[in-house]
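Everything below concerns the one structure shown next.
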Amino acid sequence: MSAVDWRAVRAVVAKDLTAVRRAKAVVIPMVVVPAILLVILPALVAFGARNASPDISRFLAQLPGDLAAPIRALPAHEQLVVLVNGYLLAPLFLIVPLMVSSVLAADAFAGEKERRTLEGLLHLPIAERDLFLAKLLGAFLPAVAISWLGFLCFAVVSNVVAWPVLHRIFVPTQLWLVMIAWVAPAVAALGLGVMVRVSARARTTQEASQLGGAVILPLIFLAVGQSSGLLLLSVPVAMAVGATVWVIALWLCGRGAVRFTRDRMAPAL
Amino acid sequence: MTSPAIVAERLGRRLGPDFALEGITFDAQPGEVVALLGPNGAGKTTTVRLLNGLLLPGGGRARVLGLDPATEGEALRRRTGVLTENAGLDDRLSALENLVFTGRIRGMASAEATRRAQELLERFGLGDRAERPVQGASTGQRRRIALARALLHDPEVLFLDEPTSGLDPAGTRDVVELIASLARERGRTVLLCTHFLGEAHRLASRVVLLAEGRLRAFGRPEDLARELWPALAVDLDLGGPASAATVELARSCAGVVGVEATATGAQAQVVDRSAVPILVGTLVSREVPVFAAVPRPPTLEDLYFALQTAPAEPGP
């Protein structure tokens, strides 16, 4: 098997990113959603905690088992901000890599068909494997970069705004780091894997997004539900969850790669 | 003898239940322009896709520049340039960015790709809009940008699908001259898919005629015409319909194989041009006034429509 032509891969990634940066319909959700989830929401919670100390003991009592134990151990005025910014927002954070990778993958795969640029691309001297890899990286790398940048903003905003209440840095925790470094990229790859499969059938970005949404939305709810508890679990469990997502994502991408051939795509152009 | 730049032998491929390309056989020599003609859905685009390795053949074989498109597609595509039916430009990128991207994939350094792209865009009169997004460009401008992209790496074989579609007359003339000079002066081989028969007539030395996925004919238009119409038609302007006696007189001339009266005189079928002065001389000597005698060799259009209804060429 020949070596990957990285120059060609870089050219495709750079082209896709340049094109995407100029598409408002793609850029706006990629900026607005992380801004709301990772900046505005934690800032509002932290501001709220500075001005009031609501009693959340009734909410904590409803959490199963020992999940609430680390929160209950905190002073009452710290409980709200630590619960929301330290734990409850974490699963929502996973929406960012999932959404960004899905949007970019739909644009990279189904978008080429919709814009009728795929045939020109297939007539170029780039191996199918390299083109597929470039399309994956063009969606995966920005998804991870935006997630990490978003988390950095989230950590800064949470710690700075909550400083008058906590007088210490409380984000990131060790589990947060596992989420950022391991689970979030896995989730980005999962979104990618789903969209690769879906885009093979869809003729437009919108169609791909709709089909992909049908698959991804339940995954989001599942992730949100599971991750609420995930952050209160141990690091090894979080690692295992991330590994499972990685396996599913890689299987989906692998299946997509097998079908990503000129001979399969050209008749549908 | 040089080996052909393009060879297709009984090339075929089924695409879905409704279309199949079958038994396509033709070749193109280095420096030759071959026109691929046929109505929409005849199989022109499928043929190009097979020859450039986008589709795997279901039957037969192809060689382009000595390479097998099915197994050596990547190496082949480095040496071919394609103008697709749809310009296929990314609207969000500028003309220059579209071209430089292609150059980068083709292994050109960024500076070299930029220089070459600017040169070609200038050549096609697009220098002033090189940096502007393709979105907003007219159909003709898109066509020229896409043609510049196909020529960026100076390919040895060009597959051009409707290169003058959407161009104004001046742009059409420019592109036709460019294609002719690429073949004649640079030795580039061009497979020209077109609906413009005049363009094909002007550029191509041989034509491939397809219909419904089958090969109807391949060869020089003159040879194909001779096969279809062994005789040459000559319009005789006699100032009015020829009388029965005049028709009989014309028929009796050497080299004349048939005569029919027309509104302005007669149309004679002769074996070749040398029969025309004999025919005219005979008529004039019998005091039949001949105002004009114009040979009417069949045009590519005559050939195209006649062959569309001809049976498909049998496979070897």
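The values are calculated or read from the model by the stated rules, or taken from the named source; none is laboratory data. Quick caveat, the model's predicted, so the values are computed rather than measured. So basically every Cβ, Gly included, is an ideal-geometry build from the backbone, and we count neighbours across all protein chains shown.
Things worth noting here:
- Residues in region A:1-11 that are in contact with an Asp or Glu (Cβ under 8 Å, 6 or more places away or on another chain) and among the aliphatic types (A, V, I, L, M): A:4, A:8, A:9.
- Verdict on residue A:134 being touching a Leu at 6+ places or on another chain (Cβ under 9 Å), within 28 Å of residue A:6 (Cβ to Cβ) and either outside any helix (DSSP H, G or I) or not charged (D, E, K, R) (or both): no
- Among the residues listed as B:233, B:310, B:225, the single one being out of contact with any Cys (no Cβ under 9 Å at 6 or more places or on another chain), modelled with pLDDT under 95, in a loop (DSSP other than H, G, I, E, B) and surrounded by 12 or more Cβ atoms within 10 Å (Cβ to Cβ): B:310
- Residue B:49 meets the conditions (1) modelled with pLDDT of 95 or more; (2) assigned to a strand (DSSP E or B); (3) of a type in the set (D, E, K, R) in every case but one. The failed one is (2).
- Here the helices (runs of 4 or more DSSP H) wholly within region A:1-98 that include at least 3 residues being within 30 Å of residue B:74 (Cα to Cα) and of a type in the set (A, V, I, L, M) are A:6-21.
- Comparison of B:123, B:115 shows that the only residue that is of a type in the set (Lys, Arg), more than 23 Å from residue A:20 (Cα to Cα) and at pLDDT 95 or above is B:115.
- Residue in region A:1-23 that is more than 14 Å from chain B (Cβ to nearest Cβ) and not hydroxyl-bearing (Ser, Thr, Tyr) present: no
- For region B:19-34, the count of residues that are within 14 Å of chain A (Cβ to nearest Cβ) and buried (at least 24 other Cβ atoms within 10 Å of the Cβ) is at least one.
- Within region A:248-269, residues that are among the hydroxyl-bearing types (Ser, Thr, Tyr) sit with their Cβ atoms under 9 Å from residues that are surrounded by 16 or more Cβ atoms within 10 Å (Cβ to Cβ) and part of a helix (DSSP H, G or I), at 6+ positions apart or across chains, in these pairs: A:261/A:128.
- Any hit, region B:269-286, residues being closer than 15 Å to residue B:242 by Cα, modelled with pLDDT under 95 and in a loop (DSSP other than H, G, I, E, B): yes
- Subset of region A:105-123 (residues that are in contact (Cβ under 8 Å) with a residue 60 or more places away in the chain and either away from every other protein chain (no Cβ under 14 Å) or in contact with a Lys or Arg (Cβ under 7 Å, 6 or more places away or on another chain) (or both)): A:105, A:106, A:108, A:109, A:110, A:113, A:114, A:122
- Residue list for region B:8-18, filter: surrounded by fewer than 18 Cβ atoms within 10 Å (Cβ to Cβ) and assigned to a strand (DSSP E or B): B:9, B:10, B:14, B:15
Yes/no matrix, rows are residues, columns are (1) at pLDDT 90 or above; (2) under 30 Å from residue A:105 (Cβ atoms); (3) within 21 Å of the chain's Cα centre (by Cα); (4) crowded, with 18+ Cβ neighbours inside 10 Å:
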site: A:11; (1), (2), (3), (4): yes, yes, no, yes
site: A:14; (1), (2), (3), (4): yes, yes, yes, no
site: A:26; (1), (2), (3), (4): no, yes, yes, yes
site: A:29; (1), (2), (3), (4): no, yes, yes, no
site: A:32; (1), (2), (3), (4): yes, yes, yes, no
site: A:46; (1), (2), (3), (4): no, no, no, yes
site: A:54; (1), (2), (3), (4): no, no, no, no
site: A:57; (1), (2), (3), (4): no, no, no, no
site: A:60; (1), (2), (3), (4): no, no, no, no
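- Some residue of region A:179-190 being more than 29 Å from residue A:241 (Cα to Cα), buried (at least 22 other Cβ atoms within 10 Å of the Cβ) and away from chain B (no Cβ under 14 Å): no
- With respect to (1) touching a Lys or Arg at 6+ places or on another chain (Cβ under 8 Å); (2) within 14 Å of chain A (Cβ to nearest Cβ); (3) surrounded by 22 or more Cβ atoms within 10 Å (Cβ to Cβ), the lone exception for residue B:164 is condition (2).
- Tally, over region B:52-96, of residues that are free of Cβ contacts under 8 Å to residues at least 40 places away in the same chain, of a type outside the set (A, V, I, L, M) and either more than 11 Å from every other protein chain (Cβ to nearest Cβ) or assigned to a loop (DSSP other than H, G, I, E, B) (or both): 6
- Taking helices (runs of 4 or more DSSP H) as the structural unit, those lying wholly within region A:150-248 and holding at least 1 residues that are under 18 Å from the mean Cα position of the chain (by Cα) and modelled with pLDDT under 80 correspond to A:174-178, A:205-230.
- Screening A:5, A:55 for residues that are of a type in the set (Asp, Glu) and more than 29 Å from residue A:155 (Cβ to Cβ) leaves exactly one candidate, A:5.
- Looking across A:84, A:100, A:96, one residue alone is under 30 Å from residue B:88 (Cα atoms) and of a type in the set (Val, Ile, Thr). It is A:100.
- Every residue from region B:172-188 that is among the small types (Gly, Ala, Ser), out of contact with any strand residue (DSSP E or B) (no Cβ under 7 Å at 6 or more places or on another chain) and touching a residue at least 40 places away in the same chain (Cβ under 8 Å): B:180, B:187
- Of all residues making up region B:143-197, the number that are touching a helix residue (DSSP H, G or I) at 6+ places or on another chain (Cβ under 8 Å) and assigned to a strand (DSSP E or B): 9
- Residues satisfying the stated conditions in region B:97-141, i.e. within 29 Å of residue B:36 (Cβ to Cβ), hydroxyl-bearing (Ser, Thr, Tyr) and within 12 Å of chain A (Cβ to nearest Cβ): B:102
- For region B:52-93, the set of residues classified as polar (S, T, N, Q) and closer than 17 Å to residue B:25 by Cα consists of B:52 only.
- Condition check for residue B:155: surrounded by 23 or more Cβ atoms within 10 Å (Cβ to Cβ) and farther than 15 Å from residue B:38 by Cα: no
- Matching residues in region A:85-108 - criterion: being in contact with a Gly (Cβ under 9 Å, 6 or more places away or on another chain) and hydrophobic (A, V, I, L, M, F, W, C): A:93, A:96, A:98, A:99, A:100, A:103, A:104, A:105, A:106, A:108
- Test result for residue B:99, within 25 Å of the chain's Cα centre (by Cα), of a type outside the set (Val, Ile, Thr) and under 27 Å from residue B:5 (Cβ atoms): no
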